[in-house]
Amino acid sequence: MAEPVRVCITGAAGQIGYSLVYMVGSGVVFGNDTPVILHLLDISPMMGVLNGVSMEVNDCALPNVRDVVATDDPAVAFKDIDAAFLVGAMPRKEGMERKDLLAANVKIFKAQGQALDQHAKKSVKVLVVGNPANTNALICAKYAPSIPRENFSAMTRLDQNRAQTQIAGKLGIPVSDVKNVIIWGNHSSTQFPDLRHATAHVNGQDVPVYDAIKDDAYLKGEFITTVQKRGAAVIAARKLSSAMSAAKAACDHMKSIWQGTPEGHFVSMGVFSDGSYNTPEGVMYSFPVTIQDQKWSIVKDLPIDDFAREKMDITAKELCEERDDAISACQD
Ligand code: NAD
Ligand code: LMR
């Protein structure tokens, strides 16, 4: 067995935490041969609940879990960690946009950036899930200057999973037979789920999704709005935001970082823009990436048509506005 990996999950007493703690402990993210030490963080009033979660993880008798540390102290939670799932934040309620959470949540990510900077390993990989995820990740990295900013990413994998599932359902094929769907931009209703480069495995071969589903009105209309509005649809139905599917997507995202992407596949995640595809440099924009040796690279030179360009610019503009609002909220 390999050395144990220290993994922090914030908001571990919350909804997403309840699924995520089990999934990470089960070995699906870091590998069946890699033990984990779980560092569970929540706020002081939630310590009773967190202790219950901690008892339950122990009672799961998961062979990969070497130890569980449950705490309300970020200095303890982030001490020497290799990976962090930053989930702890307020979720939105019906009728809100995710950016409405900015003022309430961004200061959490400022403080956690500062704590990561002091206590985590410099190689730590930080996935931000708490909304608005892209901008929180930007702020977290800004306040952790001793950690390479490439180590921070924001979750748009849930949007990618949603998009893949829509297409698989439309074609009546397993979801694993749809690949290279792209989520561009923000994890918000301005995101652009793009099928132009996606393929589907039909009748024994990989074909472009645009050839498999010859229905431009659907592909450029209902498909996009369904994915953009899926989070709100789940809130309307459950009266609570997505949790099981968010935890699964967080595991998929971290697994891609830890174990790499298969040949010929790319995945989407919010990472610092280097200006690729004429996006604004420095915002956390969701791009298609490939990953090797725990380092991501933006997939280059995909053709972008006018339809895509317009949508990619709309979501970029929103990210710039969120960045400016977040920076001023952190100065208050
Ligand atoms: P929840 O309210 O059930 O749980 C959040 C937990 O975070 C609570 O236990 C709370 O006490 C804790 N918390 C608050 N401040 C904290 C802090 N400073 N440090 C540590 N813990 C803290 O919410 P949830 O449903 O688990 O959602 C959590 C966040 O994830 C929300 O912001 C939600 O919008 C977001 N989310 C993002 C995605 C995505 O795709 N990026 C998907 C689903 C949900
Ligand atoms: C989601 O996409 O389900 C989450 O970001 C929760 C939300 O507020 O939509």
All but one of (1) within 13 Å of ligand 1 (Cβ to nearest atom); (2) not in a strand (DSSP E or B) hold for I183; which doesn't?
(2)
For S276, indicate whether it is more than 17 Å from G185 (Cβ to Cβ) and without any contact (Cβ under 8 Å) to a residue 60 or more places away in the chain.
no
Residue pairs meeting the criteria (Cβ under 9 Å; at least 6 apart or on separate chains; first assigned by TED's automatic domain parsing to the domain that holds N161, in segment 183-199; second modelled with pLDDT under 95 and of a type in the set (D, E, K, R)):
N186/R98; N186/K99; H187/R98; S188/E97; S188/R98; S188/K99; S189/E97; S189/R98
Go through (1) surrounded by 22 or more Cβ atoms within 10 Å (Cβ to Cβ); (2) within 16 Å of ligand 2 (Cβ to nearest atom) and name the single condition Q15 misses.
(1)
Does at least one position in segment 218-227 carry a residue that is in contact with a helix residue (DSSP H, G or I) (Cβ under 6 Å, 6 or more places away or on another chain), more than 16 Å from ligand 1 (Cβ to nearest atom), outside the structural domain of I9 (by TED's automatic domain parsing) and of a type in the set (V, I, T)?
no
Could you grab the pairs with beta carbons closer than 9 Å, sequence gap of 6+ or different chains, first residue in segment 235-255 and farther than 12 Å from M269 by Cα and charged (D, E, K, R), second one assigned to a helix (DSSP H, G or I) and away from ligand 2 (no atom under 11 Å from the Cβ)?
K248/S19; K248/L20; K248/M23
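For residues that are over 16 Å from the mean Cα position of the chain (by Cα) and either surrounded by fewer than 18 Cβ atoms within 10 Å (Cβ to Cβ) or not small (G, A, S) (or both), tally how many sit in segment 18-27.
Selection size over segment 18-27: 4.
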Applying the selection to segment 116-128, what residues are buried (at least 20 other Cβ atoms within 10 Å of the Cβ) and either more than 10 Å from ligand 1 (Cβ to nearest atom) or part of a helix (DSSP H, G or I) (or both)?
L116, A120, V124, K125, V126
Taking segment 283-332 as the search range and keeping residues that are of a type in the set (G, A, S) and touching a residue at least 12 places away in the same chain (Cβ under 8 Å), which one is nearest to L219 (Cα to Cα)?
A308
Unique match (being small (G, A, S), within 28 Å of T225 (Cβ to Cβ), assigned to a helix (DSSP H, G or I) and in contact with a strand residue (DSSP E or B) (Cβ under 7 Å, 6 or more places away or on another chain)) among A326, A316, A249:
A316
Qualifying positions in segment 147-180 - of a type in the set (A, V, I, L, M, F, W, C) and outside any strand (DSSP E or B)
I147, M155, L158, A163, I167, A168, L171, I173, V175
Restricting the first residue to segment 42-54 and requiring it to be farther than 13 Å from V76 by Cβ, which pairs with a second residue that is in a helix (DSSP H, G or I) meet a Cβ separation below 8 Å and a spacing of at least six or different chains?
V53/G17; V53/Y18; V53/V21
Working only within segment 42-55, note down all residues that are under 25 Å from the mean Cα position of the chain (by Cα) and either surrounded by 19 or more Cβ atoms within 10 Å (Cβ to Cβ) or part of a helix (DSSP H, G or I) (or both).
D42, M46, V49, L50, V53, S54
Candidates N105, N131 - the one that is buried (at least 22 other Cβ atoms within 10 Å of the Cβ), in a helix (DSSP H, G or I), within 16 Å of ligand 2 (Cβ to nearest atom) and of a type in the set (S, T, N, Q):
N105
Only residues that are surrounded by fewer than 20 Cβ atoms within 10 Å (Cβ to Cβ) and in contact (Cβ under 8 Å) with a residue 60 or more places away in the chain: list them for segment 29-41, please.
G31
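The values are calculated or read from the model by the stated rules, or taken from the named source; none is laboratory data. No experiment lies behind these values; they were computed from the predicted model shown. When we count neighbours, we look across all protein chains shown, and the Cβ atoms used for this are built from the backbone with ideal geometry, even at glycine.
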